[in-house]
Every structure is written in C-alpha cells, then in structure tokens.
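Single-structure report; data block below.
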Amino acid sequence: MDHAADVPDVFDPRIYARGIPHERYRLLRERHPVARQAEPEIQGWPAGPGFWAVTRHADVVRVLRDHRTYSSWLGATQIRDPDPADLPFLRRTMLNQDPPEHGRLRRLVARAFTPARVDAFAARVRERARTLLAGARDTAEDGAADLVRTVTDEYALLNLTDLLGVPAADRALLLEWTVRIIGYQDPEDAPAPLLGPDGTPLNPRSPALLGEMFAYARELAAHKRAHPGDDVMTALAEAGLEPAELEMFFFLLTVAGNDTVRSAAPGGLLALAQDPDAYRRLAAGTVPPDRAVEELLRVHPPVLSFRRTARVDTELAGQPIRAGDKVVVFHASANHDERVFTDPGRLDLARTPNPHVSFGDGPHVCLGAHFARLQLRTLYEEWRTAMPAPELAGPPRRLVSNFINGITRLPVRVTGRPG
C-alpha cells in the first residue's frame, strides 16, 4: 500500500487490553477502509503473511454475506493461519464451512436450538440472575464485587449448560476449556501454552489439545441416548450425526455459546457504569429493554474480528484483492461507522434502527443470538430491580485478544439502594 505509514495497526492483541481502538478504526474507515495489516511474531506466536482489515459497515456486511467470494472453509476463521495439518480437522465445524455444506449442519443444530426450547428456560435464567446478583451483594468487600468472578462468568456458563443438558458436576470443565481456547493470547487469563517440537505455541484449537473435550462429548452423547432429556445434547445425540460432527458441534456450542454472553454481559454493565444518564433512563423504564440490549451489543460486541479467505481475485472498496488473501472484518469498527450510525460514540439506548453486526451477518449469523439476547435482557432487568446504579470500584481489566472482546475483571459497587 502506498501510504503504509499512515495505516494504524489493529492486529496486535495487546492493543485491545487498553480498550477497543476506536480512533484507529476511524482513521481506517476514513482513509483506508480495506487496509493491509502486517502479522509480526508476538508473544511467541509466529509471524504470518498479513491480511486485509475491513472496517466500514457496508464492506463488512458484503464480506460476511458473499461466501462465494470470501470463504470460511479455505483458511478457517481465525486471523492466524492454522497449521496445514490441522485444517482438515478445523473444517469439520460449521463455523469453518461454506454453503451448501454449512447449511446442512446448521439446519441440524437449528432443530435442536429452537426458540421454543430457549424460551422454556426463561424463568430459570431469571432466577439465576437474581441469585447471582444477591450473592454478589452478600459477599461484597467494602461494598464492591468483581462482577466477572461473582456474576457474569457463572451466569453465562450455567445458563448454557442447562440448555445443553450438562450435569452440574461437569460444568467447571466447560469454563476451563473455554478459557483455554478463547484466552490463549492473554498470558494472565490462560494457562501457559503448550509448545510444539519447534518451540512455538500449539494452537489451542488443534486436535492434539481438544481430545479431552471430544471424549467428554462422546460420553455425554451416549448418556443422552440412554437417558434422554429436553435439552440440546439429547437432540444432537439423536440427530444421526457422524461422531466427528457431534464432537465439533459440542466444541462450537461450548465455546461460542458460553463466550458470547460471558463477553457481552460485563461489557454492557461497564458501558452503563460509564454513562450514568443512560442507566437512569433504563432504570426509569423509559427505554425498552430489548432496544437497550441492541445498543449495548453495538458498543460492546462479543467478537472483535472474523477472517475469511478470498476464493478469487476481486475488489473491495476499490482495493484489489488476490485469491488466497486473508480478509478480516472488524465488527466493533462496523458498529461505529458514521455512514450508518448517527453519533456512533454516544450510548443511545433507544437507538433505532440499529443494524449492528455484533452477531455477524449472512449464512454464519450467530445461531445462539436469541438465547444471548434473552440472557442479557434478563440480567439488565434484574440489575435495575435489585441493584444500585452501576459504579466502577476500580479499573476493569480487558482480555488481551484481537478476537474476543472480553472483560476479565469488573469491580463494581453492589451495595446501596436500587435505582
């Protein structure tokens, strides 16, 4: 690119520990909407060939919808290239497939993940929100609690495991697997990475490191066939999937299903703590909760980026792209595109329309979005009923990641009158 010096870096995962780099995104949208990014070696993870960063809303939507040009299957969906030996394995999950193969698997899991089944858990989700918020108040130190540790991690995990039908005794395993897979770029959040023979870290999504999870998925499916219940794993166990397909569904639902709410819930509460006027409108009931959820998702999308690979030579926003190039969409940038959102830096809980891309777009739009929205709406409703206005009691800590928009610590005052 002719003006490489003006192109800010949005690849380095350490940038995101300081917050979403909105000024860098703005500069890219304004000057270089499809910008070449380098992939240097960082924290032991090897260097890559570079990629195109897509930051405007219209271009992000175009990439996500056009699977014939921008493939999930060719190179999977993470920025860094997988080990070529792992790629056939990674392609077993519908996240890393293109239509029509993707559609077959999506239809199978959609029959298990119906809105009616999700809605049947609404009362249980609400009771869990009340119990966890009360527990945070009861165990507060000097009136404050870390909401990630006391509320949101447990809330996301327990709701998901209820829906999946995972026995209570096994639930800690799912959180352990999620942290290992999602937090791998963060030296504090994840355990030390295992190293390969060449001394470089092993990808936590490689088959060598997922054997324990897959063995558990097979064991749980066998249990569900013998003892069926009204849950997603029973439906998947009876769907006639190949063993490898069932394992990959369990992997996807465990990690993506957990981390969507695990990231979005504290992110929404942080946004409300940083804008007391917006929270007052929510607490007073002058803003519809459903609309508030959409705006909180817009300003704190659970996922920061997703990768596609160009199938053919093409052009995007005037930039030539060659077949085989990596093309990475940045959701948080699209959600702040001034061409689509008026005053995008303002938290407007009544914003409508609100065409954010926090759950993606196109054939891979988030299958669990309905369940995520139910959980987020319920948590915010219960907060305004039982808790004081959210106020930070210390600095939050963000996940070191260019993929997941995670909050790993959120100290908030939890004692005082509701309102």
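Excluding MET233 itself, calculate the net charge of residues whose Cβ lies under 15 Å from the Cβ of MET233, where each Lys or Arg counts +1 and each Asp or Glu counts -1.
Once all neighbours under 15 Å are counted, the net charge is -2.
Please identify the DSSP H helices in the chain that span no less than 27 Å along the helix axis (Cα) and have a mean Kyte-Doolittle hydropathy of 0.5 or more.
What comes out of the filter, once short or polar helices are dropped, is 243-273.
Provide, as a two-decimal number, the C-alpha radius of gyration of region 197-331 over 2.2 N^0.38 Å, N being how many residues it has.
Ratio of Rg to 2.2 N^0.38 Å for region 197-331: 1.49.
Could you check which residue among ALA256, ALA278, ALA215 shows the biggest mean-square fluctuation in a GNM of the chain with a 10 Å Cα cutoff?
Looking only at ALA256, ALA278, ALA215, the biggest GNM fluctuation is shown by ALA215.
Provide the gained length on full extension for the span HIS223 to GLU381, in nm with one decimal, where the gain is 0.36 nm per separating residue minus the Cα-Cα distance.
Length difference between fully extended and current span is 53.3 nm.
Please sort by residue number the trypsin sites (Lys or Arg not before Pro) in region 294-344 whose DSSP state is loop and whose Cβ has at most 12 other Cβ atoms within 10 Å.
In loop regions of region 294-344 (DSSP not H, G, I, E or B), the sparsely surrounded trypsin sites (Lys or Arg not before Pro) are ARG322, ARG339.
Taking amide H atoms as placed 1.01 Å from N in the peptide plane, list the residues 5 or more away in sequence, or in a different chain, whose amide H sits under 5 Å from that of THR69.
none
So, with a 1.4 angstrom probe, what is the percent of accessible area on the chain that is carbon and sulfur?
The C+S portion of the solvent-accessible surface of the chain is 52 percent.
Would you mind listing how long the chain runs along its three principal axes, going by Cα atoms, in whole Å with the largest first?
The Cα atoms of the chain stretch 59, 55, 40 Å along the principal axes, largest first.
Using a 1.4 Å probe, what is the accessible area per residue for the chain, in Å²?
Per-residue value: 41 Å².
What shape does region 1-91 take by its C-alpha gyration tensor, where a ≥ b ≥ c are the square roots of the eigenvalues and a/c under 1.5 counts as rounded, a/b above b/c as prolate, and the rest as oblate?
oblate
The values are calculated or read from the model by the stated rules, or taken from the named source; none is laboratory data. Remember, it's a predicted structure, so these values are computed and weren't measured experimentally. All Cβ positions, even for glycine, are placed from backbone atoms using ideal geometry, and neighbour counts span all protein chains on display. Each accessible area value is taken on the protein alone, full model and side chains, heavy atoms only, with ligands, DNA and RNA left out. Shrake-Rupley method; radii C 1.70, N 1.55, O 1.52, S 1.80 Å.
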